Amino acid sequence: MGTTESGGDIPLPLYLQRRRNLPARAALDWLARGWRDLWTSPAPSLVYGFAVFAVSLLIVWGLFRLELDYILFPALAGFLVVGPLIAIGLYQKSRALEAGSPASLANMIFVRAASGAQVWFTGALLCLLMLIWMRAAVIIYALFFGLRPFPGFGDVVTMLLTTPVGWGMLLVGTVAGGIFAAFSFAISTFAIPMLLDERVDAFTAMGTSISLVWNNLPVMLAWGAIVLALILASMATGLIGLIVVFPLLGHATWHSYRAIR
């Protein structure tokens, strides 16, 4: 694709130099390529996935131990917000395999991004977004149920599913969470791989990511549905599924970036 505007020497904006309108079926190709990378030198990927599982399990245990189980659902949703940053080591492995270089766990942990500290600045923004969402979830709960103490995880599930107020909170919370999730997905899904691979600043990467998602909406909706389904399946296994699912999605995300760049 050309790099200058027709009739002039002005470089095209970064987002105009990339592909548009990929078909929805391309998401399955990304997943297949991610699966291939997962099982090429699988040990580093599986160790990475186990670490994500162990930390996630520790966080869930800590929330119950500290009687903060009322933020469990927002915290699990927040995992989707910061997931692209956590997966940066998996992008590094796929990048190394693509270049014909050996993939080691050390290189996956001690990642050197082409953008330098910009990738960590983006990560800080994603963490801030996750904290805002968690605070918003607490406010939504208070709006529907008042300032009474949290009744406990088991009781709140019954309350949400069997009362009109609970149904209303589920509706509003789902809409609000969907907005947060869609925004975080749009700004990060290509931004983190881009910051690893290219010398760009955080805001350029996030803006480009939004543009790429918008201009490839069918495939990105399909990809988002695949990510959500696999993460929910992992949660249904008590998070054990993350050992395989997280590396799979991380490697596949790298290939989504490469397909569109």
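The values are calculated or read from the model by the stated rules, or taken from the named source; none is laboratory data. Keep in mind that this is a model prediction, so the values were computed, not measured. For neighbour counting, all protein chains shown are included, and Cβ atoms are generated from backbone atoms with ideal geometry for every residue, glycine included.
Among the candidates Leu230, Leu221, Leu239, Leu217, the residue that is touching a residue at least 40 places away in the same chain (Cβ under 8 Å) and either surrounded by fewer than 19 Cβ atoms within 10 Å (Cβ to Cβ) or on the phi < 0 side of the Ramachandran plot (or both) is uniquely Leu221. Is it the case that some residue within segment 129-139 is closer than 30 Å to Arg261 by Cα, modelled with pLDDT of 85 or more and touching a Phe, Trp or Tyr at 6+ places or on another chain (Cβ under 9 Å)? So far as segment 129-139 goes, yes, one or more of its residues are closer than 30 Å to Arg261 by Cα, modelled with pLDDT of 85 or more and touching a Phe, Trp or Tyr at 6+ places or on another chain (Cβ under 9 Å). Yes or no: Ala124 under 20 Å from Leu58 (Cβ atoms) and within 19 Å of the chain's Cα centre (by Cα)? No: the conditions fail for Ala124.
Matching residues to (1) in contact with a Leu (Cβ under 9 Å, 6 or more places away or on another chain); (2) within 25 Å of Ile231 (Cα to Cα); (3) among the small types (Gly, Ala, Ser):
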| position | (1), (2), (3) |
| --- | --- |
| Leu68 | no, yes, no |
| Glu98 | no, no, no |
| Gln118 | yes, no, no |
| Thr122 | yes, yes, no |
| Leu125 | no, yes, no |
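Considering only residues in segment 84-121 that are of a type in the set (Ser, Thr, Tyr), touching a residue at least 12 places away in the same chain (Cβ under 8 Å) and closer than 25 Å to Ile243 by Cα, the one that is surrounded by the fewest Cβ atoms within 10 Å (Cβ to Cβ) turns out to be Ser104. Pairing each residue of segment 124-141 that is within 15 Å of Thr174 (Cβ to Cβ) with any residue that is surrounded by 14 or more Cβ atoms within 10 Å (Cβ to Cβ) and of a type in the set (Phe, Trp, Tyr), provided the two are 6+ apart or on different chains, yields C-beta distances under 6 Å for Trp133/Phe180. Please work out if Met159 is more than 30 Å from His255 (Cα to Cα), part of a helix (DSSP H, G or I) and touching a helix residue (DSSP H, G or I) at 6+ places or on another chain (Cβ under 8 Å). Yes; evaluated as a whole, the condition is true for this residue.
Restricted to segment 1-41, and to residues there that are among the acidic types (Asp, Glu) and modelled with pLDDT under 65, the residue that is nearest to the chain's Cα centre (by Cα) is Glu5.
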